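Following: one structure in structure tokens, then a few remarks.
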Amino acid sequence: MAKSKGYPEALEKKLHDQRYYREDSTPDFTKRVEDKSRTIAHMCFQCGTCTGSCPSAPRSTYRIRKFMRRAVLGLESEALNDPDLWLCTTCYSCTDRCPRDIAPTDVIMAMRNMAFTHDIIPVNFLKTVTAIYSSGHGVPNNDVNRAARERLGLTRDPPTTHMYPEYMPGIRKILDHYHLKENADRIIKEREG
Amino acid sequence: MSESTANHTFALYLGCIAPNRYPGVESAAIKGCKKLGIDLVPLKGASCCPAPGAFGSIDMNVFYAMAARNLVLAEQMKMDIALVCNGCYKSIWEVNHKLKHNKDLRDGVNEVLKEVDMEYKGTINVYHIAELLYNDKFVGVDKIKDSVVNPLTGARIAVHYGCHLTKPHKDREFEKEVMLNTEHPMWMEELVAALGATPVEYRNKMQCCGAGGGVRGYDIVHSLDITNEKLINLKEAKVDALTDICPFCQLQFDRGQIEIKEKFGVSYDLPVLHFAELLGLAQGMSPQDLGLDLHGISCEPFLQKVL
Ligand code: SF4
Ligand code: SF4
């Protein structure tokens, strides 16, 4: 009977350990990244098209290709603790061009989601949440703009949650379902006192 | 000029930055589209899309649920959505597309929406206004040309396409195939030419404005440095104005030039106008009607050329 393809088990294990995992890697990280990002991160062959397309690369140490490698190697803590994780503008140029049809941008978003579960997140992201919790808008209206809108023949407040605050409880309920406001307030308070 | 009776009606999804910082975009979109046979009616009670950079980074599930709520408001009106912002397109179009095609995501979202007596059904479509203007099924370049009473003759105008309308092209489903070209598109230039202006290309025109992904809030200098690179390339092309189809890009280029002056000591004084504002001008709206005085960078030198 033909032998199934592959090395003997002992060698397989050795290669597995040597090539893919170090003592600081989390073996199931790749799978969790793929589940969250819905992209085939493990297909990355490190061509560098992504980094070559990235507007953030020339002006920082941020390298999307490196994050792709970390995804494949299971280097969870190295990925989630790197401040460069937050320098992706989500321009999707890398995703647009990746020859393996991977979405590196979505890998970054998945890693950011995971970082947030460890409270690793810059506060500006959380402030957008609190703004929306209070008014429904990330960039709310102000008096100068209200006067301008009136001059333009528009309603002083746009016909959004601004004009119809009765829609706000529903929005708060959705955000509360995920305990988002509560967590945002807690983290902002920890950072800023 | 043909003031045709409206034959398409859409729920206008406003987002945050257009109505709250550049209201001229809202009024020009409504009035300009009306002249082109499109009625835009308010999408009552809409919220932030939510901001894909901020919400997508924190928790994708909240991102889906919040965008779905806006979609359900339009479903209840039985109307397709039209919107004026690339960022909103990313949230509203993409979440609609994902929820239509993934039962697991849809079920997850509906479980949350049930708490607010809503259900996402997947019954409507989402369009960016630039797409409606370019696609002759709705408007098309010829009809725009016919609506021009004040051609922007002599003005050299560059286009900033932005990222989130067309990228990643592999996931997009535009009827007009040229809109899927993300390396060297020219369809926006056609729209600019329809207004009588001269479209001008420049180095690396498809580069991002630098504002997205929460980077503007996280590291403003890094973010502005990306914008500055684009401004250097635009200056080289000697343009009178830059046009965009995304109020967040507009904010980054317009208010951004003031911040760049403060932080890097360079000034460009390049007027930045949303395509809806340009359309309004060409259709005879006054700069006052468009609230152009609210822009951070004065549009005067450009206006003197075209009025
Ligand atoms: S472009 Fe795609 S395959 Fe190439 S390194 Fe980047 S993610 Fe990997
Ligand atoms: S999406 Fe992010 S990682 Fe990809 S090219 Fe743009 S900034 Fe770089």
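FYI, it's all coordinate maths here, none of it is from the lab. Since the structure is predicted, the reported quantities are computational estimates derived from the model, not experimental observations. Note that each Cβ is placed from the backbone with ideal geometry, even for glycine, and that neighbours are counted across all protein chains shown.
Only sites in a loop by DSSP and with at most 16 other Cβ atoms within 10 Å count here; which GluC sites (Glu not before Pro) in the stretch B:64-134 make the cut?
Of the GluC sites (Glu not before Pro), the ones in loops of the stretch B:64-134 whose Cβ has at most 16 other Cβ atoms within 10 Å are B:Glu115, B:Glu119.
Name the shape class, rounded, prolate or oblate, that the alpha-carbon gyration tensor gives for the stretch A:123-192, where a ≥ b ≥ c are the square roots of its eigenvalues, rounded holds for a/c under 1.5, and otherwise prolate holds if a/b is larger than b/c and oblate otherwise.
It comes out oblate by the Cα gyration axes.
Take the Cα of A:Arg38, step 7 Å along the line toward its Cβ, and report every residue of the stretch B:88-108 whose backbone nitrogen sits under 17 Å from that point.
B:89-108
Mind listing the phi-derived Karplus ³J(HN,Hα) values for the stretch B:87-104, rounded to whole Hz, using 6.51, -1.76 and 1.60 with θ = phi - 60°, and x for any glycine or proline?
Per-residue couplings from phi come out as x, 4, 4, 4, 6, 6, 5, 5, 5, 4, 5, 5, 5, 5, 9, 10, 5, 4 Hz.
State the extension gain, in nm to one decimal, for the chain segment bounded by A:Arg186 and A:Val144, taking 0.36 nm per residue of separation less the distance between their alpha-carbons.
Contour length minus the Cα-Cα distance gives 11.9 nm.
Under the rule a/c < 1.5 gives rounded, and otherwise a/b versus b/c splits prolate from oblate, where does chain B land using the Cα gyration tensor?
Taking the square roots of the gyration eigenvalues as a ≥ b ≥ c, chain B is oblate.
Which angle between 0 and 90 degrees, to the nearest 10, do you get for helix A:123-135 versus the longest principal axis of chain A when only C-alpha atoms count?
40 degrees
For the stretch B:8-128, I need the span (max minus min coordinate) of the C-alpha atoms along each principal axis, in Å, sorted largest to smallest.
42, 28, 23
The stretch B:142-242: which GluC sites (Glu not before Pro) are DSSP loop and have at most 14 other beta-carbon atoms within 10 angstrom?
Passing sites in the stretch B:142-242 are B:Glu173, B:Glu175, B:Glu183, B:Glu201.
Filter the cross-link list A:Lys36/B:Lys205; A:Lys31/A:Lys66; B:Lys143/B:Lys170; A:Lys36/B:Lys98 down to pairs whose alpha-carbon distance in this structure exceeds 23 Å.
A:Lys36/B:Lys205; B:Lys143/B:Lys170
Under 10 Å, Cα contacts only: if you run a Gaussian network model on chain B, which one of B:Phe55, B:Phe253, B:Phe174 comes out with the highest mean-square fluctuation?
B:Phe174
For the stretch B:33-133, run through the trypsin sites (Lys or Arg not before Pro) and keep only the ones in DSSP coil with at most 12 other Cβ atoms within 10 Å of their Cβ.
Taking the stretch B:33-133 and a limit of 12 other Cβ atoms within 10 Å, the loop trypsin sites (Lys or Arg not before Pro) found are B:Lys78.
Please give the contour-minus-distance gain from B:Lys34 to B:Asp104: 0.36 nm per residue of separation, less the Cα-Cα distance, rounded to one decimal in nm.
21.3 nm
Label-point separation (nm) for B:Ser298 and B:Glu236, each offset 7 Å from Cα along Cα-to-Cβ?
In this crude label model, B:Ser298 to B:Glu236 measures out at 2.9 nm.
How big is the gap, in Å, between the Cα center of the stretch B:27-89 and the Cα center of the stretch A:127-150?
Centre-to-centre (Cα) distance: 16 Å.
Can you classify the protein assembly as shown as rounded, prolate or oblate using the Cα gyration tensor, where a ≥ b ≥ c are the square roots of its eigenvalues, rounded means a/c under 1.5, and otherwise it's prolate if a/b beats b/c and oblate if not?
Because a/c hits 1.5 or more and a/b exceeds b/c, the protein assembly as shown counts as prolate.
Output the 0 to 90 degree angle, nearest 10, between the alpha-carbon long axis of helix B:220-236 and the longest principal axis computed from the alpha carbons of chain B.
Taking Cα atoms only, the helix is inclined about 50 degrees.
5 Å is the cut-off here: which amide hydrogens, built 1.01 Å from N in the peptide plane, fall below it relative to B:Val159, excluding neighbours closer than 5 in sequence?
HN-HN under 5 Å from B:Val159: B:Val200, B:Thr243.
How about B:Lys145: which lysines have a C-alpha closer than 20 Å to its C-alpha, ignoring those fewer than 8 places off in the same chain?
Output for B:Lys145: B:Lys31, B:Lys34, B:Lys35, B:Lys137, B:Lys176, B:Lys305.
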